[in-house]
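A.B. asks: Just passing along the structure, written as structure tokens.
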Amino acid sequence: MSATTFTATSIPATRSGALDALRFVAATFVVLYHFGWNAPTPLAEVSSVFGRGWLATDFFLILSGYVLGRAYGVALDEGRMNWSGFFARRLARVWPAQLIVLFGLAALVIAASVVGVSHDPARFGLEDFFSQAALIHAWGVTQHAGWNEPSWTLSALIVCYAAFPAIWLACRPLNGRPAALVAGLSVLIAGAAFSLGALGLSLYDLPFHLGLARAAPLFVLGLFMARFMSGRRRSRAFAVASGLAALGALVTLQAAERTELVSFVSILAVAAIVLAADGLRLRSGRLTRAAADMSFALFISQALAGALWFGLADLTGQGHSWLVWSLGLAFTLGFAVAFHRLVDAPLQRRLRALLDRPTRPDRDLEASPAG
């Protein structure tokens with residue numbers, strides 16, 4: 001691999017407007033899934049669909065591998081990518097925001113203690129704080145779900161980021177070939193078999209501390225999907241037809257009893273939707289770019305926003321009426337907007353300047369994980 005310093009600005013910043021929009025829809029669904037348990041009637045009891053938040057999480061995991069391959073694959077193949085530069089940018093994209101939210105949660109816990117409001121010590125333990133700050137909590141080091149719970153996907157994905165260049169180059173002979181899809185599905189099946197056989201759980205139901213085992217097969221599936229699409233150009237009519245068919249299958253499957261087969265076919269439908277959305281070749285405009293940016297902000301800040309809103313609701317004795325719960329969703333969205341504009345975006349601009357001093361504004365091309 002070339003030692004030339006890699007900068008993302010050397011890659012054409014091609015983005016799919018359809019995928020950008022889907023990121024926001026999926027992120028919103030994840031928030032509904034997590035906050036659904038705070039509703040006066042848990043949303044999963046209202047409709048089983050709201051209990052399927054794992055689908056949105058797995059969508060982001062697949063999309064992460066796919067978009068990285070589409071955005072940076074050519075530079076890797078041509079030897080224009082430096083591994084350390086690539087990984088530094090990926091880490092810089094997710095780690096600072098995680099630290100900011102963690103310290104925000106710590107400040108909230110301390111403030112609550114000062115005013116005499118108790119908190120669950122098992123959820124806000126010091127050891128777990130440091131494991132999340134180091135982004136190692138999805139590596140089997142702890143079993144306590146606390147602090148910024150959805151961030152297990154970041155912990156798992158940084159390992160995937162580190163392995164991405166090597167895996168991408170290793171599967172270069174499969175470029176543009178259907179065998180790439182076969183390889184991706186084989187990895188997914190192997191991961192599911194390992195999960196059932198060795199861990200005794202479905203791959204799609206693994207707890208957060210085993211998140212790396214869950215994320216890796218899905219990320220690699222997305223990577224192989226990107227290999228398959230290299231050099232391919234499908235008609236928009238085919239993309240529309242295949243996307244609608246996959247969406248119809250996904251919706252229909254959620255009415256069925258949850259089984260390993262239903263879960264597996266649902267993931268295939270999600271993967272087909274990703275390919276179809278990209279195949280639409282819709283250019284990302286201002287609105288869809290903003291939606292994509294907001295998807296990461298929603299993902300990373302939802303735990304802090306929820307703790308603030310529902311904590312205050314409990315403290316003031318307002319309870320969790322439907323009105324209070326609905327306003328909590330609006331507050332979380334507004335909090336994410338503020339977090340993006342006032343914290344994350346300015347910080348990312350400074351970090352990009354430090355990493356490669358781009359000559360023009362660069363936009364992050366990767367999917368925002370959520371869980």
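The values are calculated or read from the model by the stated rules, or taken from the named source; none is laboratory data. Given the structure is predicted, the values throughout are model-derived calculations rather than measurements. Heads up, the Cβs are rebuilt from the backbone with ideal geometry, glycines too, and the neighbour counts pull from every protein chain shown. Keep in mind that these areas ignore ligands, DNA and RNA; they rest on the heavy atoms of the full protein, side chains included. Shrake-Rupley method; radii C 1.70, N 1.55, O 1.52, S 1.80 Å.
A.B. asks: For E260, put the label point 7 Å out on the Cα→Cβ axis and report which residues of the stretch 47-91 keep their amide N under 20 Å from it.
C.D. replies: Counting only backbone N, you get 54-55, 58.
A.B. asks: Find the Cα radius of gyration of the chain, compare it with 2.2 N^0.38 Å by division, and give the number to two decimals.
C.D. replies: For the chain, the normalised Cα radius of gyration comes out at 0.98.
A.B. asks: Okay, moving on. Ranked highest first by the average count of other Cβ atoms within 10 Å around their residues, in what order do 100-106, 82-88 fall? Could the numbers behind the result be given before it?
C.D. replies: Values: 100-106: 18.0, 82-88: 16.1.
Output ranking for 100-106, 82-88: 100-106, 82-88.
A.B. asks: Cα extents of the stretch 85-171 along the three principal axes, largest first, in whole Å?
C.D. replies: 57, 23, 16
A.B. asks: With a cut-off of 19 Å, note down the residues of the stretch 280-300 whose backbone N falls inside the zone around a label point 7 Å from the Cα of V240 toward its beta carbon.
C.D. replies: Of the residues in the stretch 280-300, 280-284 have backbone N under 19 Å from the label point off V240.
A.B. asks: Let me ask something else. Can you give me the % of accessible surface on the chain that is carbon or sulfur? Probe 1.4 Å, all protein chains present, nothing else counted. Walk me through the numbers on the way to the answer.
C.D. replies: Values: 10960 of 16310 Å².
C and S atoms contribute 67 percent here.
A.B. asks: At 222 nm, what value in deg cm²/dmol follows for the chain if DSSP H runs of at least 4 each add -39500 (n - 2.57) and the sum is divided by all its residues, to the nearest 500?
C.D. replies: So the calculated ellipticity at 222 nm is -22000 deg cm²/dmol.
A.B. asks: Taking 0.36 nm per residue of sequence separation and subtracting the Cα-Cα distance, how much length would be gained by fully extending the chain between D77 and E45, in nm to one decimal? Spell out each step's value before the answer.
C.D. replies: On the way: separation 32, 0.36 × 32 = 11.52 nm, distance 4.90 nm.
Taking 0.36 nm per residue and subtracting the Cα distance, the gain is 6.6 nm.
A.B. asks: Label-point separation (nm) for V117 and R341, each offset 7 Å from Cα along Cα-to-Cβ?
C.D. replies: Placing both labels 7 Å beyond Cα along the Cβ direction yields 2.6 nm.
A.B. asks: What helices does the chain hold that run 18 Å or longer along their axis, going by alpha-carbon atoms, with a Kyte-Doolittle average of 1.6 or more, using DSSP H for the helix calls?
C.D. replies: Result, helices passing both filters: 152-170, 178-194, 236-253, 260-279, 322-338.
A.B. asks: From Cα pairs below 8 angstrom and at least 6 apart in sequence, can you work out the relative contact order of the chain, rounded to a whole percent?
C.D. replies: 31 percent
A.B. asks: Subtracting the Cα-Cα distance from 0.36 nm times the residue separation, let me have the gained length for L287 to A166 in nm, one decimal.
C.D. replies: That works out to 40.1 nm of additional length.
A.B. asks: For the chain, with every protein chain kept in place, what is the accessible area per residue (1.4 Å probe, Å²)?
C.D. replies: So the chain comes to 44 Å² accessible per residue, rounded to a whole number.
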